[in-house]
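A short write-up of the structure that comes next.
The values are calculated or read from the model by the stated rules, or taken from the named source; none is laboratory data. Keep in mind the model is a prediction, meaning the values are calculated, not measured. Ideal geometry is used to build each Cβ from the backbone, glycine not excepted, and the neighbour counts take in all protein chains shown. For the accessible areas, the whole protein counts, side chains as well, though only heavy atoms, and no ligand, DNA or RNA atoms are used. Shrake-Rupley method; radii C 1.70, N 1.55, O 1.52, S 1.80 Å.
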Amino acid sequence: MNDTTHKTLEVEVLNIHKGEYLSEALKRQGYPMLPSNAIINKVMTGTGATYMELNPKLSPRNSIVIEPYRSAVENKVQAFDEVQGVFKEVTVKKLTAYLNNSNIKYKKIITTPEGFQTKVLKAAKSLKMNIYKEFFNLYDESEHITEDTDYRRSISSPMKEFFKFEGKALVSATPLKPSKYTLTLFLRHQFKWIEIKPDYDYREDMTLITTRSFYSRVKQEVKRLLDNGSPHVCIFYKTTEGICNIVESLLHDGIIKEDDYKVFCSKESADKLKSRFLEHSTDRLELPLRKVNLFTSRFFPSIDINLKELCDVLVLSNYDHVKHTLINPFTEAIQCQGRFRRVFPNGKRYNSLTIIASIPNELKVNSEEEIYKDIDARIKSYRAVQKEKLKDDDFTYYDKDLKRLRLNEVLNPERNGFDRFAIEQLLLDEQVKRYYLSPDALRQAYENTEYFNVDFQPEDEAVGEDDIYRIKAAKTKEKWQFIVSVLSNIKEDENAVQLIRAKCVEEEWLINAFFKLGQEAIEQQKYSKTTIKKLLEQTEQKEAMQRRFSREFLSDIRREFETETGNDLYIPVNDVLDRISYLLDYYGITYSRYGDGKKGTMCKLSAPFIEEYFDVTRSNRGGAKIKHRLSFCEQVGFECARRKVGVVGDGGRRVDKGIGGACSLVKFIGK
């Protein structure tokens, strides 16, 4: 691919006055119609770019307008009597009849990308029409050519034919600047970048909320808006499953009633939602809206929503639940709020705009250099296989190998070359992820759009529902990695750690290992449960020894039995052990006793345990006579006043000069 490092598009800046339509602004500055060979950044939504092109009075020429979604085609075609919409149900025959209609002087076609490829081109060919010369081609909301190509490869298919048109342009309020992979195409056809800059302050007030408990916060915000009298809450969210969760939760908690919501999505998604008893789901924009209205991504661009009352707008993103829900502040956020066209007397198009975003706990983002290396490797792999394929008569195995390579993301639909827009999408995807590396990074991104006055409201919870969801949804090793990642961020927050312990009971060993062995040790052992538990046990046993023979513990064990010293008593072994167990619990020393089945404890509490502190001699009744073990205590930095202690085996312990238990006969003298 050609090196475009030092090449850029020529930039032309025009202006637009407040309340002025794009057609008026262009004509005022010498353009009677939309200019050709241009990427037109109209900046403001709702200024009438497609309306200008589809209106034969404003644009007296034949036109083809490509819209990214069917919903936009259906919405815009309603405004004109002599415009032909092209989507699934419209046949080539019907389109041919329209093109042959001599009563329509200027043919205006508005189509989906798929309709353009399979119907518009075919109809023109059947009529032997030189469509490239006779029609102006306008691709509306052009950022979607790149943004959507990862899951909808056909959206970029028209670009192969697009550059063949004599008259052509891309337009959007949020177009993407060409990357080095697509810039060559535009430079080759002498495109320029035309910026329609408003000469007034057009920024919109917006509240940005970052949270770790996404669905709870969304529900809280919807309830607040409805309680404050909002006639319509309009929610933009990219996932049907997520929309289903929101509606079901609102219904369950009595925040809305059965007839208070409507979901706008694809027909397939609407059918899916209806199978889950969410009956108010449709693939068409239907007014009036209801109290809560939810829109999937096909309704983000191009739809005109004209309301009688000011609504409240929520734009949502939640990467941990659904990765593709990340909202691009520079394109999608602007487009969502731009759906509301009517300007009310107070100068507003909606009452409030709120962005609610869950910030991923750990997000891996590749650098541009890494992406370029990855793309270059894919290109070289493709060319190497293709070269060998041409030498062989049987292509079968080479085609199989091509399918196995990581090429599907960057090959065109015909699989005979690269899709530059698909490659560009890989770059864009990483760029958007960078905005979500932290709450502050996202705030900065929204401020950098220069489109919003940002009221930043980050939630400060260390651990939230999103973290717990991510952990619970993960497979075993990935789950352990998530837990360690969360702990590394919250280790100073006792309440957050307690929440993780409560929600991850089966991973208690890992949590203990994190605090006692450290993250580095866990990662060095590659999350091997057996190895880590063994290391943890060794560490805890060493820790127990340090605690059991610390100055504080020995002092407390002395006081526990001090009043009984000097009495000639027989004390049951279990009574002594019970009293010692109280001290062990107090010092956080875990232990096991005969028959309790506990494993992985720091020590074993039994009769021999006492001998670690005292000399023991059996009594005549099956017990034992205990003396202080002076030498042992000296090893831990203390001297002991030796006393004699009598212990009875089953019946209990006899203490010479008396005590009420075994280990507490020690007289400690600090050094």
Problem set entry | Looking only at segment 415-447, and only at residues there that are farther than 16 Å from N366 by Cβ and assigned to a loop (DSSP other than H, G, I, E, B), the one that is most open to solvent (accessible area, probe 1.4 Å) | N416
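Please work out which residue is farthest from L442 (Cα to Cα), limiting yourself to segment 351-375 and to residues that are assigned to a helix (DSSP H, G or I) and open to solvent by 70 Å² or more (accessible area, probe 1.4 Å). Full working, then the answer.
Looking only at segment 351-375, we keep the residues that are assigned to a helix (DSSP H, G or I), and these are 368-375.
Next, only the ones that are open to solvent by 70 Å² or more (accessible area, probe 1.4 Å) stay: 368-370, 373.
Values: E368: 19, E369: 22, E370: 22, K373: 27 Å.
Top of the filtered list is K373.
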For this session: Show the residue pairs that are 6+ apart or on different chains and have beta-carbon atoms under 9 Å apart, the first residue being within segment 603-622 and closer than 22 Å to L536 by Cβ, the second being at pLDDT 75 or above and assigned to a loop (DSSP other than H, G, I, E, B).
Result: C603/I589; C603/T590; K604/R593; K604/Y594; L605/R593; L605/Y594
Exercise. Which of the residues belonging to segment 17-44 are in a loop (DSSP other than H, G, I, E, B), open to solvent by 20 Å² or more (accessible area, probe 1.4 Å) and within 25 Å of Q337 (Cα to Cα)?
Worked result: H17, K18, G19, E20, Y21, M44
Exercise. Restricted to segment 186-206, and to residues that are open to solvent by 50 Å² or more (accessible area, probe 1.4 Å) and outside any loop (DSSP other than H, G, I, E, B), which residue is nearest to T50 (Cα to Cα)?
Worked result: K197
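I'm trying to understand the selection: among the residues of segment 53-76, which are of a type in the set (A, V, I, L, M, F, W, C) and surrounded by 22 or more Cβ atoms within 10 Å (Cβ to Cβ)?
L54, I64, V65, I66, A72, V73
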Exercise. Is there a residue being farther than 30 Å from T476 by Cα, open to solvent by 30 Å² or more (accessible area, probe 1.4 Å) and either of a type outside the set (S, T, Y) or modelled with pLDDT of 80 or more (or both) anywhere in segment 535-546?
Worked result: yes
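Taking segment 432-449 as the region of interest, how many residues are within 13 Å of the chain's Cα centre (by Cα) and among the aliphatic types (A, V, I, L, M)?
Kept after step one, since they are within 13 Å of the chain's Cα centre (by Cα), are these residues of segment 432-449: 432-439, 442.
Next cut, among the aliphatic types (A, V, I, L, M) only: 432, 437, 442.
Going through segment 432-449 one residue at a time, the tally reaches 3.
Out of all the residues in segment 541-549, is one or more among the aliphatic types (A, V, I, L, M) and part of a helix (DSSP H, G or I)? Quick ask: steps written out before the conclusion?
We begin by selecting, within segment 541-549, every residue among the aliphatic types (A, V, I, L, M); these are 544-545.
Okay, now just the ones that are also part of a helix (DSSP H, G or I), so 544-545.
Yes - at least one qualifying residue is present in segment 541-549.
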For this session: For segment 472-479, indicate whether the set of residues that are open to solvent by less than 80 Å² (accessible area, probe 1.4 Å), farther than 13 Å from K503 by Cβ and not hydrophobic (A, V, I, L, M, F, W, C) is non-empty.
Result: no
For this session: Report, by residue number, each residue of segment 224-241 that is buried (at least 19 other Cβ atoms within 10 Å of the Cβ), assigned to a helix (DSSP H, G or I) and modelled with pLDDT under 95.
Result: T240
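Being outside any loop (DSSP other than H, G, I, E, B) and either under 26 Å from E520 (Cβ atoms) or basic (K, R) (or both) is the filter here, so list the residues in segment 467-482 that pass it.
Applying the first criterion (outside any loop (DSSP other than H, G, I, E, B)) to segment 467-482 yields 467-473, 476-482.
Hits for segment 467-482 are D467, I468, R470, I471, K472, T476, K477, E478, K479, W480, Q481, F482.
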Exercise. Any idea how many residues of segment 169-185 are more than 29 Å from the chain's Cα centre (by Cα) and surrounded by fewer than 22 Cβ atoms within 10 Å (Cβ to Cβ)?
Worked result: 3
Problem set entry | Members of segment 297-333 that are more than 15 Å from Y436 (Cβ to Cβ), open to solvent by 10 Å² or more (accessible area, probe 1.4 Å) and out of contact with any Asp or Glu (no Cβ under 9 Å at 6 or more places or on another chain) | D304, N306, L307, K308, E309, L310
Exercise. Would segment 339-349 turn up any residue that is among the aliphatic types (A, V, I, L, M) and crowded, with 20+ Cβ neighbours inside 10 Å?
Worked result: no
